1. Only one of these conditions is not met by residue 94: (1) charged (D, E, K, R); (2) open to solvent by 50 Å² or more (accessible area, probe 1.4 Å); (3) farther than 25 Å from residue 233 by Cα; (4) in contact (Cβ under 8 Å) with a residue 60 or more places away in the chain. Which number is it?
2. Please note which strands (runs of 3 or more DSSP E) are completely contained in the range 206-246 and include at least 1 residues that are small (Gly, Ala, Ser), under 19 Å from the mean Cα position of the chain (by Cα) and under 16 Å from residue 266 (Cα atoms).
3. Going by what's in this entry, would residue 133 be described as within 20 Å of residue 104 (Cα to Cα), in contact (Cβ under 8 Å) with a residue 40 or more places away in the chain and either out of contact with any His (no Cβ under 7 Å at 6 or more places or on another chain) or basic (Lys, Arg) (or both)?
4. Report, ordered by the first and then the second residue, all pairs with beta carbons closer than 9 Å, sequence separation of six or more or different chains, a first member in the range 31-42 that is free of Cβ contacts under 8 Å to residues at least 24 places away in the same chain, and a second member that is buried (at least 16 other Cβ atoms within 10 Å of the Cβ) and not in a helix (DSSP H, G or I).
5. Under 9 Å between Cβ atoms, which residue pairs at least 6 apart in sequence (or on different chains) link something in the range 176-199 that is at positive phi and at pLDDT 95 or above with a partner that is among the charged types (D, E, K, R) and not in a strand (DSSP E or B)?
6. Before we move on, is residue 62 in contact (Cβ under 8 Å) with a residue 12 or more places away in the chain and part of a loop (DSSP other than H, G, I, E, B)?
7. In the set 83, 7, 89, 101, which member is touching a strand residue (DSSP E or B) at 6+ places or on another chain (Cβ under 9 Å), modelled with pLDDT under 95 and aliphatic (A, V, I, L, M)?
8. Filter the range 43-59 down to residues that are in contact (Cβ under 8 Å) with a residue 40 or more places away in the chain and either outside any strand (DSSP E or B) or not β-branched (Val, Ile, Thr) (or both), then give me how many there are.
Amino acid sequence: MKSNRILLIPLYIIFITLFFGACKRKTAEVVIVPDALKNHLQRARFLGNVKTVETDSYYYSNPDSGYFFSSKNIQCYSSDGYLTQVVVLDKNNDTVSKRTLFYLPNANENYWVDFNYRDNSVTKDTFIYEKNGFKAEEYFLFNDSLLYKILYKTDAIGGVIEMKRLLSNYHLTNKIYYNTHGLVERIEEYDPQNKLYKYITMEYDNYGDEVNRRAYKNANEIIEYTYTQYNNEGALQKVIFEDRLHYLREDKIYTQHDKTRNWLEEITLQGNDTLRKRVRTIVYY
């Protein structure tokens, strides 16, 4: 029987090659879109005019058995880049849930409805906008019962600068700050007593792609760190996540991409162990 370490040697070699072989991207005119003006494809960092994305998830059992199919996720997008439907299927290809999104004439999201086929429950999320068309309120219902609502404050282009989640007995507040390109660079999380208990910082490369994300406790102690790397063409190569509170690290490796530079295969490692794999099939307009 071959050992797990032996099987992982090729992936380890790929990881080292990506780590030391990455170089700067070719010089080109760069247009960075502010987060507030991005459509769903841009927020998810899909390149090209994507129509559907089918993601098959697998978990890794052992060196002899390899990967086992776990679930399928199908995302559908409009021709202008907005998410219209998400369907989740289980390992038996039975539908677990279906989410359908509805929009106003100005492309603002009106509401979405998620139906769970296992327990026949319905979740609905509705958005309210102020006179300028910027997000003002959000209502989250489960089987017609209001679980919570969110109050928003926005900047001059509609970027959310504060969101207050109101639950039955308490509220939680997030404050969001942007860099000069309109990209989120800091998120602060406050407890019900309005005391800062966690904040997250983001750093970007010259192309507006996130490369570093750090989460801190209120005493400036790093508790989570995420490093993202791209190749010289802008294709995602790897994501390293560290949970420093629990001494955990996950490495996600991307070795296959399509002609539009969207990734097609993701392998997640934890130390010398393979945890899972995701495989994507992307259809374009």
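The values are calculated or read from the model by the stated rules, or taken from the named source; none is laboratory data. Everything numeric here is computed off the predicted structure, so don't read it as measured data. Backbone-built Cβ (ideal geometry, glycine too); neighbour counts: all protein chains shown. Remember, those area values only see protein heavy atoms, side chains included, never the ligands or the DNA or RNA. Shrake-Rupley method; radii C 1.70, N 1.55, O 1.52, S 1.80 Å.
1. The number of the failed condition is (4).
2. Ranges flagged: none.
3. So residue 133 fails the test.
4. Close Cβ pairs (under 9 Å, with a partner that is buried (at least 16 other Cβ atoms within 10 Å of the Cβ) and not in a helix (DSSP H, G or I)) amount to 31/208; 38/81.
5. Close Cβ pairs satisfying both conditions: 182/35; 182/155.
6. So residue 62 fits the description; yes.
7. Just one listed residue meets the conditions, 7.
8. Selection size over the range 43-59: 11.
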